[in-house]
Amino acid sequence: MTQSNRLNGGQIDRAQLLRFTFDGQSYSGHAGDTLASALLSNGVRLMGRSFKYHRPRGPISAGSEEPNALMMIGDGARVEPNTRATVAELYDGLTAKSQNAWPSLKLDALGINDVFSNFLTAGFYYKTFMWPRAFWEKFYEPAIRKAAGLGRLSMQEDPDCYDKGFLHCDLLVIGAGPSGLMAALTAARAGARVILADEDFRMGGRLNAETHELGGQSGADWATATLAELASFDTVRLMTRTTVFGAYDHGVFGAVERVSDHLRPTGDTRPRQTLWRIYARRSLLCAGATERMVGFANNDRPGILQAGALRAYANRWAVTAGLRVTVFTNNDDGHRTARDLAAKGVEIVAVIDPRAEAPQGDWRVIRGQVVDTKGRLGLKSVTVRGHDGRQEVLQVEGLGVSGGWNPNVSLTCHQRGRPEWREDIAAFVPGGTLPVGMAVAGAAAGDLSTHGALRGGAEGAVASLEALGISAKAPELPEAEDAPVQQTPLWYVGEGKARKWIDFQNDVTVKDVKLAHQEGFVSVEHLKRYTTLGMATDQGKNSNLGGLAVMAELTGQTIAQTGTTMFRPPYTPVAMGALAGRSVGKDFKPTRLTPSHHWAEKQGAVFVEVGQWMRAQWFPQLGETHWRQSVDREALAVRKSVGVCDVTTLGKVDVQGRDAAEFLNLIYANGFAKLAVGKTRYGLMLREDGIAMDDGTAARLAEDHFVVTTTTANAGPVYRHMEFVRQCLRPDLDVQLISTTDSWAQYAVAGPNARKLLQKIVDPEFDISNEAFPFMGCAEITVCGGTRARLFRISFSGELAYEIAVPTRYGESLIEVLMAAGEEFDVTPYGTEALGVLRIEKGHAAGNELNGQTSAAHLGMARMVSTKKDSIGAVLTRREELSREDGLRLMGFEAIDSDTLPAGSHLFAEGAAHRPETDQGWLTSACYSPHLGKPIALGYIKQGGERIGEVVTAANPVEGTSVKARIVSPHFIDPEGARLRD
Amino acid sequence: MLIPHPILGLRDAQEFTYLGDASLLDRPDGMAEGASEAFHDYLYLRDNPAGEHRELWFHEQGDRSWLVVTRNTLTHEITKAELARDVALARRGVK
């Protein structure tokens, strides 16, 4: 197809021919085109189907406010739905498809909705799909969703990458039209750090779309010259294709830069988009204004555009929506469209203006209103009613509509701004409390002339910088257009029975607003939700005021009294990928590796994610085909001889200071003041509400030095809590904390031969015999001929056991040394599964038992909570319900005639019904015990201590499983602890 | 939000974790008479003001200071940020 609707001039590069397809059909355009301008140049006006009625639609705008021309751009996994053709930069090889139409855009089956539109008015879904109730989830909702969606996702993984970045500036200028450019220039010349951001790929705003001269040169040339000067400053950052989409607290802005969307076919490897967080000391909103449509019958046909958009297509892109055009306007600005298009050789059939004082030109001006249009897939004619009552039909392909201009106030409302009505321009302007440090200039502030924009930008920059103590001077302003706003408000035309669209995107008409009012929805926020007016990506940009005006008329109030709904971020849609940035897949969170990780990999270990950590789960050996074989072997080896396990992931906090012992006395429920140097003690940490927070050990290395350990999962929260206690509750204590989790590599060496193994690597001057270094001993030692180490005689497995720590950089060496030294004892590396088996057999609580619901008494540790001192949580853990004698107790359970005993099962008395009111507790942790040769578990059960030997039912009523189990002591092995002390 | 850290200057609120009402600084004496009641009030009874609120923030991704931040819950305006340690020490002095 040829570009039949291409005019002369324009800011496109005719030397560069770009080929693209739309719905499989090939077209061509030029560099500088948007997809919409290129399609219009090829005579294509039909670009989409509306959301609800599937009405044929074309673009109404030339900017990001576009509600109609939404398409799927790209192929395969890269397809992006709901892309606005009016801002999509054309590139060679672009493929676009229409959406919300089947089988084709011209012949859409669901166009039937349009015929039944009388039934699909406001609140249709609420009223119709009420009964029968059961139908909603299974039938109505899926059917509605299928019919109503717009674009479709590719359902494939996003192949592109996205970045995040941070920027700081003195002045952020949002929008690079005349006011933004002048503001940036003023600030740049004053030496301020300036960011100028504009959503367009070409800066200049309306200067590129108008024929006004600035100081004797074209607006576009003035913009180009000004940008060249701005680019010469090191302190200025010019950001094209960058939408500032949200204004957040304290001068923080969100912006998305489309870095390489337009470069994709070139194989550009940069991130597709970058999400910027901009910290601006001051900001100046120069976001311009959006032209509003007028409600009249069938005002949504392809070929009907904002008058300003029609003009922008002609001036910037050298394109017209049709070769015979008319304009319907209530203000002088609309007449400029006729002037500019006529200058490009487009036939202006007439300008229709209801005002008596309409300006005259070299074309026919009809005093009257448009009352109907024709042309289902594209405008063919408009019907005009003159003020003298005469009706006339004009054969045209394009209609420009101007109902006046609305300042783009969105960003002023993202905090506490509430727009104010200005009668002289019949529009809302920024009002209320603006985001901190924000000022508004140009059309966004209601200054709708070019001169007003230039002046506002310069003055706004001077004032913003003055507040920062930077002295700036407004440049001399070029001579520019300064026409006053001349308009008579016209929101909709009364005549005509056909629908008059207010919100094109959500298919809301004047009639819908009237119906909502009739049904009692008079608050604007209710009106919005009932009719969906201004919802979704429109956020009121096009539709808001039209709806308010109709509502105001119906309620007999002024528009100012009616008020406006809120504009919320984002200003335009932001891709989820941009918000996620690099935090996807395996990079969603950091991966932490233990010091023995690479060694374990070489042994063929199977790993498991534990929070951010990767831990060895078990070490399969040749011939082992099931994980249980490996785990049983590892657990038995520990009990028989000796095993080694990397326990570096446990949290470690170094506590130092004269008052360190008093500090531990406060954070632990049990006493620490009297712990001797060289000794370690188990500590139970409660939350202030009496629930167990964590447990671990504290080793006293010196009078004023402890090392505290936490569980892996709670390393962060416990450290935060300890700092809270130190800084907020006891700032008088002399105590310092530092997390040393990553500083020390730590291994458990457990089993009857643990000491013999360690004696081979501990330097001979350190005596670790049972007498010299008994159970719960701790010491700073050296190993392997002088390497610093810490040794703790503590046991999680119930065997003779130690934990040995060396500075992290020696961690990988230490595991190799331990394995070599242990060869004569058949030392066995064991993973987290065997670790779990060993601790369940011993009856040690872990994360499953410390689940945020259990008190000291539940754990069987009520007597550990010292009454002789004050400690966190001690008072409230004694509350009646948390400490009752017949409450839950941690017990052991052995399966009876069953090869499973599933954790999570609930416990019931034998023969009792399995109901919440008969529930007596639950199993927290379970495993197969190779030592006992049967499944065992830990769990909480009411009055557990008095019920040893009783048989109960462990049931999962959801899955229908039920197993018999005997209540036993939670210490399945060595309840007296003889092995520990051996 | 930006929090004016008394030592480090303006820092993004993302670097902090939030705890809640600064009244948590006034922990009752666990050994005193009526401690149970006092702890109940301390732990569960909070004001929920629409306006000025003193609250605890932890600079977890920073210098690990606990701060008492005075913030307006309606406008998010922050009028003061102090080291919780200093606030707590001053309160102890009053007692």
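Can you tell me which condition A:G191 does not meet? The list is (1) at pLDDT 95 or above; (2) over 29 Å from the mean Cα position of the chain (by Cα); (3) at negative phi, and all the others hold.
Against the list (1) at pLDDT 95 or above; (2) over 29 Å from the mean Cα position of the chain (by Cα); (3) at negative phi, A:G191 comes up short only on (3).
Working carefully through the options A:R863, A:R878, A:R915, A:R889, find the one that is more than 14 Å from every other protein chain (Cβ to nearest Cβ), out of contact with any strand residue (DSSP E or B) (no Cβ under 8 Å at 6 or more places or on another chain) and under 30 Å from B:M31 (Cα atoms). Break it down into steps so the answer makes sense when it comes.
Values: A:R878 fails: more than 14 Å from every other protein chain (Cβ to nearest Cβ); A:R915 fails: under 30 Å from B:M31 (Cα atoms); A:R889 fails: out of contact with any strand residue (DSSP E or B) (no Cβ under 8 Å at 6 or more places or on another chain).
None of the others qualify; the one that does is A:R863.
Looking only at residues that are more than 14 Å from chain B (Cβ to nearest Cβ) and crowded, with 22+ Cβ neighbours inside 10 Å in region A:708-723, which one is nearest to the chain's Cα centre (by Cα)?
Initial filter on region A:708-723 (more than 14 Å from chain B (Cβ to nearest Cβ)): A:708-714.
From what is left, the residues that are crowded, with 22+ Cβ neighbours inside 10 Å are A:708-710.
Values: A:V708: 37, A:T709: 35, A:T710: 32 Å.
For region A:708-723, the residue satisfying everything is A:T710.
Only one of these is farther than 19 Å from A:R311 by Cβ, surrounded by fewer than 24 Cβ atoms within 10 Å (Cβ to Cβ), free of Cβ contacts under 8 Å to residues at least 60 places away in the same chain and hydrophobic (A, V, I, L, M, F, W, C): A:V436, A:V429. Name it. Break it down stepwise before answering.
Details: A:V436 fails: free of Cβ contacts under 8 Å to residues at least 60 places away in the same chain.
Among A:V436, A:V429, only A:V429 is farther than 19 Å from A:R311 by Cβ, surrounded by fewer than 24 Cβ atoms within 10 Å (Cβ to Cβ), free of Cβ contacts under 8 Å to residues at least 60 places away in the same chain and hydrophobic (A, V, I, L, M, F, W, C).
For region A:896-923: of the residues being more than 14 Å from A:N956 (Cβ to Cβ) and either among the small types (G, A, S) or part of a strand (DSSP E or B) (or both), which is nearest to the chain's Cα centre (by Cα)?
A:A913
Which residues, taken from region A:198-227, are over 21 Å from A:S37 (Cβ atoms), out of contact with any helix residue (DSSP H, G or I) (no Cβ under 8 Å at 6 or more places or on another chain) and not in a helix (DSSP H, G or I)? Don't jump to the end; show me each part of the working.
We begin by selecting, within region A:198-227, every residue over 21 Å from A:S37 (Cβ atoms); these are A:213-217, A:222, A:225-227.
Still in the running and out of contact with any helix residue (DSSP H, G or I) (no Cβ under 8 Å at 6 or more places or on another chain): A:216, A:225.
Passing the criteria: only A:G216.
So, of the residues in region B:77-88 that are under 15 Å from B:A13 (Cα atoms) and facing chain A (nearest Cβ under 10 Å), which turns out to be surrounded by the most Cβ atoms within 10 Å (Cβ to Cβ)?
B:I78
For B:L74, work out the one condition from (1) more than 9 Å from chain A (Cβ to nearest Cβ); (2) assigned to a loop (DSSP other than H, G, I, E, B) it doesn't fulfil.
That leaves (1) as the condition not met.
Would you point out which residue out of A:G547, A:G540, A:G534 is buried (at least 20 other Cβ atoms within 10 Å of the Cβ) and assigned to a helix (DSSP H, G or I)?
Numbers: A:G540 fails: assigned to a helix (DSSP H, G or I); A:G534 fails: assigned to a helix (DSSP H, G or I).
So the residue among A:G547, A:G540, A:G534 that is buried (at least 20 other Cβ atoms within 10 Å of the Cβ) and assigned to a helix (DSSP H, G or I) is A:G547.
How many of the residues in region A:532-546 are touching a Ser or Thr at 6+ places or on another chain (Cβ under 9 Å) and over 17 Å from A:N408 (Cα atoms)?
1
Exactly one condition in (1) within 14 Å of chain B (Cβ to nearest Cβ); (2) under 44 Å from the mean Cα position of the chain (by Cα) is not met by A:K868; state its number.
All conditions pass for A:K868, except number (2).
Regarding A:F166, is this residue in a loop (DSSP other than H, G, I, E, B), at pLDDT 95 or above, surrounded by fewer than 22 Cβ atoms within 10 Å (Cβ to Cβ) and not polar (S, T, N, Q)? Before you say what the answer is, go through the steps one by one.
Details: in a loop (DSSP other than H, G, I, E, B): no; at pLDDT 95 or above: yes; surrounded by fewer than 22 Cβ atoms within 10 Å (Cβ to Cβ): yes; not polar (S, T, N, Q): yes.
Criteria not met by A:F166.
For the condition surrounded by fewer than 24 Cβ atoms within 10 Å (Cβ to Cβ), free of Cβ contacts under 8 Å to residues at least 12 places away in the same chain and outside the structural domain of A:N542 (by TED's automatic domain parsing), what is the one hit in A:D268, A:D332, A:D340? Please lay out each step first, then the result.
Details: A:D332 fails: free of Cβ contacts under 8 Å to residues at least 12 places away in the same chain; A:D340 fails: free of Cβ contacts under 8 Å to residues at least 12 places away in the same chain.
Going through A:D268, A:D332, A:D340 in turn, just one is surrounded by fewer than 24 Cβ atoms within 10 Å (Cβ to Cβ), free of Cβ contacts under 8 Å to residues at least 12 places away in the same chain and outside the structural domain of A:N542 (by TED's automatic domain parsing): A:D268.
Tell me, which residue of region B:1-33 that is free of Cβ contacts under 8 Å to residues at least 24 places away in the same chain and at the interface with chain A (Cβ under 10 Å from one of its Cβ atoms) is surrounded by the fewest Cβ atoms within 10 Å (Cβ to Cβ)?
Step by step, filter region B:1-33, then rank; the result is B:A32.
Can you tell me which residues in region B:43-71 are assigned to a loop (DSSP other than H, G, I, E, B), within 13 Å of B:I7 (Cα to Cα) and at the interface with chain A (Cβ under 8 Å from one of its Cβ atoms)?
So the first thing to find is which residues in region B:43-71 are assigned to a loop (DSSP other than H, G, I, E, B), and the list is B:45-51, B:59-65.
From what is left, the residues that are within 13 Å of B:I7 (Cα to Cα) are B:59, B:62-65.
Passing the criteria: B:R64, B:S65.
Quick check: is even one residue across region A:61-76 modelled with pLDDT under 95, surrounded by fewer than 17 Cβ atoms within 10 Å (Cβ to Cβ) and either at positive phi or not β-branched (V, I, T) (or both)?
Scanning region A:61-76 turns up at least one residue that is modelled with pLDDT under 95, surrounded by fewer than 17 Cβ atoms within 10 Å (Cβ to Cβ) and either at positive phi or not β-branched (V, I, T) (or both).
Scan region A:611-618 and give yes if some residue there is within 25 Å of A:K842 (Cα to Cα), at pLDDT below 95, surrounded by fewer than 16 Cβ atoms within 10 Å (Cβ to Cβ) and in the same structural domain as A:L835 (by TED's automatic domain parsing), otherwise no.
Checking region A:611-618: at least one residue is within 25 Å of A:K842 (Cα to Cα), at pLDDT below 95, surrounded by fewer than 16 Cβ atoms within 10 Å (Cβ to Cβ) and in the same structural domain as A:L835 (by TED's automatic domain parsing).
Select, from A:L70, A:L107, A:L46, the only residue that is out of contact with any Leu (no Cβ under 9 Å at 6 or more places or on another chain), within 21 Å of A:L377 (Cα to Cα) and of a type outside the set (D, E, K, R).
Numbers: A:L70 fails: out of contact with any Leu (no Cβ under 9 Å at 6 or more places or on another chain); A:L46 fails: out of contact with any Leu (no Cβ under 9 Å at 6 or more places or on another chain).
Going through A:L70, A:L107, A:L46 in turn, the sole match is A:L107.
Out of region A:871-900, which residues are more than 25 Å from A:F972 (Cβ to Cβ) and polar (S, T, N, Q)? Steps first, answer last, please.
Just the residues of region A:871-900 that are more than 25 Å from A:F972 (Cβ to Cβ), to begin with: A:871-884.
Within region A:871-900, A:S871, A:T877, A:S883 meet the criteria.
Within region A:592-610, restricting attention to residues that are among the β-branched types (V, I, T) and at pLDDT 95 or above, which residue is farthest from the chain's Cα centre (by Cα)?
Kept after step one, since they are among the β-branched types (V, I, T), are these residues of region A:592-610: A:594, A:606, A:608, A:610.
Among the residues that remain, those that are also at pLDDT 95 or above are: A:594, A:606, A:608.
On the way: A:T594: 31, A:V606: 33, A:V608: 28 Å.
Looking at the filtered set, the residue picked out is A:V606.
What's the number of the only condition in (1) part of a loop (DSSP other than H, G, I, E, B); (2) of a type in the set (A, V, I, L, M); (3) surrounded by 21 or more Cβ atoms within 10 Å (Cβ to Cβ) that A:L890 fails to meet?
Evaluating A:L890 over (1) part of a loop (DSSP other than H, G, I, E, B); (2) of a type in the set (A, V, I, L, M); (3) surrounded by 21 or more Cβ atoms within 10 Å (Cβ to Cβ) leaves (1) as the failure.
Quick one: which of A:A661, A:A676 is within 30 Å of A:Q759 (Cβ to Cβ) and more than 42 Å from the chain's Cα centre (by Cα)?
Details: A:A661 fails: within 30 Å of A:Q759 (Cβ to Cβ).
On inspection, the qualifying residue turns out to be A:A676.
Can you pull out every residue in region A:667-692 that is more than 14 Å from chain B (Cβ to nearest Cβ) and either in a strand (DSSP E or B) or in contact with a helix residue (DSSP H, G or I) (Cβ under 6 Å, 6 or more places away or on another chain) (or both)?
A:N670, A:F672, A:A673, A:K679, A:T680, A:R681, A:Y682, A:G683, A:L684, A:M685, A:A692
Could you count how many residues in region A:948-982 are part of a loop (DSSP other than H, G, I, E, B) and modelled with pLDDT of 95 or more?
Total meeting the criteria: 7.
The values are calculated or read from the model by the stated rules, or taken from the named source; none is laboratory data. In this text the structure is predicted, and so the values were computed from the model without any measurement. Because the Cβ atoms are built from the backbone with ideal geometry, glycine has one as well, and the counts that use them run over all protein chains shown.
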